[in-house]
């Protein structure tokens with residue numbers, strides 16, 4: 001088979017390229033260039049998806065491909081990334097919501113634009129492979145389903161909840177059945193220079209406020225329920241639901257951000273139980289592995305990638321949204337974040353949180 005491998009310069013995607021070549025496939029490495037030297041951001045020292053350090057990652061990927069003796073191509077996706085991801089990120093923060101740029105980027109760019117650009121460039125491929133920890137299976141009726149990885153500590157299915165059937169049909173995740181230590185051992189076996197490279201965890205290498213490009217604007221920090229002013233801040237967009245540290249307010253008991261009001265530039269703080277929710281409403285759904293549910297169903301939900309799925313009841317609403325009820329409660333359910341629903345290892349689908357309730 002002819003494979004395109006989306007490469008980041010890290011150990012996972014590099015191992016995928018080496019593994020596929022060792023199996024006798026024709027492999028071509030491709031990567032996205034996202035950073036423009038003339039953009040208005042400076043970035044920082046953190047190893048992240050978006051930042052000036054991308055040049056080193058691209059060169060690392062190029063070096064791996066040279067070591068393996070396979071072609072390597074870089075595609076300029078900077079303008080589209082700024083439009084589809086950075087603008088979305090900024091708009092969501094300024095609306096008082098918590099964005100999820102990785103979910104957005106995966107569906108629109110990494111699994112969308114990148115392979116399409118490769119196709120337009122005439123690169124032959126039967127399948128697109130990446131180093132994500134997830135699995136795909138095909139049902140008897142021809143539907144492609146997305147499942148959690150065997151290594152649940154590295155599972156990335158949450159970030160893939162917006163992938164379409166068209167994207168899954170050409171996709172392979174060769175690491176889905178492996179554990180991380182097995183992947184590193186394979187990388188050593190293949191003699192990859194990136195075998196010990198640490199995993200990148202950040203979206204942006206600099207400070208998030210730099211992407212928002214907002215001048216400081218003083219506002220009130222108030223107490224939930226009473227409205228009593230506890231302190232002041234320099235911009236509501238510097239806070240997220242559930243945040244506990246860096247609030248700039250002294251208290252004898254821990255306080256958390258429980259509300260963000262963009263219209264009045266106000267941040268509301270409360271105690272732990274105030275950020276414990278038992279209900280959420282989500283919109284803009286993508287049902288990955290099943291047909292659109294028209295009746296209530298029992299499943300599990302994750303509202304952040306590192307969370308253990310929580311049992312819930314999911315009910316369709318008349319407007320295409322869904323409401324989820326989870327008796328055990330979840331802390332810090334933030335509007336704007338992805339709510340992803342599972343039945344055991346099977347990822348059913350996901351939407352974006354519109355509202356949460358106690």
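No lab work stands behind these numbers, since they all come straight from the coordinates. Only a predicted model underlies this, so the values are computations on that prediction, with no experimental measurement involved. Reconstructed Cβ throughout: ideal geometry from the backbone, glycine too, with neighbour counts over all protein chains shown.
In table form, for the structure just shown:
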quantity	calculated
Beta bridge orientation in the range 2-204: antiparallel %, DSSP, nearest 5	25
Angle in degrees between helix 54-68 and the longest Cα principal axis of the chain, rounded to the nearest 10	30
Rg in Å to one decimal, and Dmax rounded to a whole Å, for the range 26-100 via C-alpha atoms	15.0, 48
Inter-centroid distance (Cα atoms) of the range 205-269 relative to the range 321-358, Å	24
Highest-fluctuation residue, 264, 278, 232 considered, GNM on the chain with Cα pairs under 10 Å	264
Candidates 312, 105, 263, ranked by Gaussian network fluctuation over the chain, Cα under 10 Å, top entry	263
Over the range 2-204, volume per residue of the alpha carbon convex hull, in Å³	129
Counting all C-alpha pairs of the range 105-149, share separated by more than 13 Å (%)	67
For the range 192-271, convex hull volume per residue from C-alpha positions, Å³	125
Relative contact order (%) - the range 2-204, alpha-carbon pairs under 8 angstrom, separation at least six	29
Alpha carbon centroid spacing (whole Å) that separates the range 150-181 from the range 22-100	19
Percent of Cα pairs exceeding the 28 Å cut-off, where the set is the range 220-358	26
Highest to lowest packing among 287-299, 42-54, scored as the average C-beta count within 10 Å	42-54, 287-299
Nearest-ten-degree value, helix 180-189 long axis tilted from longest Cα axis of the chain	30
The chain: antiparallel DSSP beta bridges as a percent of all, rounded to 5	70
Choice from 96, 235, 227 showing the highest fluctuation, given a GNM over the chain with Cα pairs closer than 10 Å	227
Degrees separating the helix 11-22 axis from the principal Cα axis of the chain, which is the longest one	30
Rel. contact order, % - alpha carbon contacts under 8 angstrom, at least six apart, the chain	17
Convex hull volume per residue for the range 275-357, taking Cα atoms only, in Å³	81
Relative frequency of Cα-Cα separations exceeding 35 Å in the chain, percent	28
Cβ-derived FRET efficiency at R0 41 Å, residue 292 paired with residue 207, nearest 0.05	0.55
Separation in nanometres of the label points that stand 7 Å from Cα toward Cβ, at residue 199 and residue 37	3.4
Gain upon complete extension [residue 308, residue 263; 0.36 nm per residue less C-alpha separation]	12.8 nm
For a label point 7 Å along the Cα-to-beta-carbon line of residue 252, residues of the range 202-239 with backbone N under 16 Å	none
Computed label-point distance, nm, for sites residue 318 and residue 271 using a 7 Å Cα→Cβ extension	4.0
The range 215-270, relative contact order [Cα under 8 Å, separation at least 6], %	38
